[in-house]
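Written out below as structure tokens is the structure these notes cover.
Read the figures in this text as sums done on the coordinates, not as results from a lab. These numbers come from a predicted model, not from an experiment. No Cβ is skipped: glycine too gets one built from the backbone with ideal geometry, and neighbour counts run over all protein chains shown.
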Amino acid sequence: MEPWEGLDVEQEDLEAFLKKCNSGATLIPGPAGNVQAAMLNREREEAQSTQEFAKDVAAATYDRDFKSNAWLWAERFIHFHGLVEDGDFKNVTPLSCSKTIPRLPFVTCLVKECKPNGLGDMQICIKDQSATLWASVHKKVLDHADFGTQLMVGAVLLLQGVATFTFPYRNTYLNITLRNIVKIFKPDISPPTDDLVKATVKPVIHPHSSVDPNIDNILKKFLHPSRMLSTNERAETSASNAGGTSVQNDI
């Protein structure tokens, strides 16, 4: 008999617990996930249909990723401090927008994988409910006293003004620098409570000029070079006319 079989617990609770413990497999997005689900399903003693098994793995993966303490902290932290419009988590920029806009205003993502590149930087795989992407993390982030030790698999990142790069016939990548990081929640953080969230300090966010909501008003203050030239010419003409009038009066 296995040691856990002697525990005085309900069978349903034990099965649910074991199911969560065995949910380490994450399906590959797209059609390849069906093949992966079929292969994993064959390893089970009581095989399910591929569709049912894929659905179970997807549900377990979602719970593990987006119901973790770190993710719950991110949701409540954003809402409490109003880091996005109306403090509504739905207004966070999804990673899927990286294909259409060059810079993401505010992102919440989960770190799924970390790979140092041997040059001091790091490649990380990040994920939210809309997409899974790779990102390059600058070495200054890794050298940071706090962020460097908090960046790990399972951590949740709050990012601002992140630049995106899309290469022809390749996936989109994010370029994460020190100024992009707002907050990092470690995977082993305790569950969020009202008192703990209220005790946090609101971060100072400086939006990039390209995503500044006041950018239109700022640009209106600048004149096009052609208009500046016309203005200078009018000023010179006015000065010349004033000078000519003065000479005539002297005569």
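What the table below lists for this structure:
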item	result
Violating pairs (Cα-Cα greater than 32 angstrom) within the set Lys55/Lys198; Lys67/Lys198; Lys55/Lys140	Lys55/Lys198; Lys55/Lys140
Cα gyration tensor category, rounded, prolate or oblate, for region 70-213 with a/c compared to 1.5	oblate
Added length on full extension, which subtracts the Cα-Cα distance from 0.36 nm per residue, Tyr62 to Ile205	48.6 nm
Inter-label distance, nm, simple model (7 Å from Cα along the C-beta direction), Asp88/Ser130	1.4
Difference of contour (0.36 nm per residue) and Cα-Cα distance, Leu196 to Leu178	3.9 nm
